[in-house]
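S.K.: I have a structure I would like to understand better, so I am pasting it below and will then ask my questions one at a time.
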Amino acid sequence: MLKYTALLFSAALAATAMASPVHLRTNALDAPIGIDTSHPMLSWKSDAKTPNWTQSAYEILVATDVKHLKPGKADAWDSRRVSSSDSVNIAYAGAALKPQQRYVWAVKTWDNKGKQATSAPAYFETGLMSPS
């Protein structure tokens, strides 16, 4: 019984040590439609439960299809690894966004101990992008 309890405690501790990026937002909105800016602002939170958890780096992937949401494969933007604790108002800096296009995006984060986690995909859709 003691081994079983120790195993459960270890599993619970490992589960709480993992922190994933969640609540992905574009221009402070969940899955917005009709974004009309060429550099939308991307943000996320962490679901970290561990005291003193900090993000040490991130990588943002933006693509036109979820199958392209992989490092080196993102067809709109791959920020590459950025050493930063920032997670709010990160300006999109990829290829020019096309009008009336759905984009899917995800973020990978690293903590101060080097552990990484990747978010579930989120999306945003662009609007007309210009009056004409």
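S.K.: Just to confirm, what accessible area per residue do you get for the chain at 1.4 Å probe, in whole Å²?
M.R.: Heavy-atom accessible area per residue stands at 61 Å².
S.K.: May I ask for the Kirkwood hydrodynamic radius of the chain, worked out over all distinct Cα pairs and given in angstroms to one decimal? Provide the component values of the computation, followed by the final result.
M.R.: Details: mean 1/r = 0.0629 Å⁻¹.
One decimal place: 15.9 Å for the Kirkwood radius.
S.K.: Then there is this: Simple spin-label model, 7 Å along Cα-to-Cβ: D86 to K115 in nm?
M.R.: 2.6 nm
S.K.: With all protein chains present, calculate the accessible area of T54 using a 1.4 Å probe and round the result to the nearest 10 Å².
M.R.: Number for this one is 60 Å².
S.K.: On a 1.4 Å probe surface of the protein chains, which of E125, E59 comes out largest in accessible area, and what is the full order?
M.R.: Largest accessible area first, the residues go E125, E59.
S.K.: Relative to the first principal axis of the alpha-carbon coordinates of the chain, what is the inclination of helix 2-17, with its axis defined by its Cα atoms, in degrees from 0 to 90 and to the nearest 10?
M.R.: The two axes meet at around 30 degrees.
S.K.: Restricting the calculation to Cα positions, tell me the Rg (one decimal) and the Dmax (whole number) of region 67-132 in Å.
M.R.: Reported Rg and Dmax, both Å: 13.8, 50.
S.K.: What part of the accessible area of the chain, given as a whole %, is carbon or sulfur when the probe is 1.4 angstrom?
M.R.: Carbon and sulfur: 57 percent of the exposed surface of the chain.
S.K.: Please tell me the relative contact order of the chain in percent, rounded to the nearest whole number, where contacts are Cα pairs under 8 Å and at least six residues apart.
M.R.: Computed over the chain, the figure is 30 percent.
The values are calculated or read from the model by the stated rules, or taken from the named source; none is laboratory data. Everything numeric here is computed off the predicted structure, so don't read it as measured data. All Cβ positions, glycine included, derive from the backbone under ideal geometry; neighbour counts span all protein chains shown. Please note that ligands, DNA and RNA were not included when accessible areas were found on the heavy atoms of the full protein model with its side chains. Shrake-Rupley method; radii C 1.70, N 1.55, O 1.52, S 1.80 Å.
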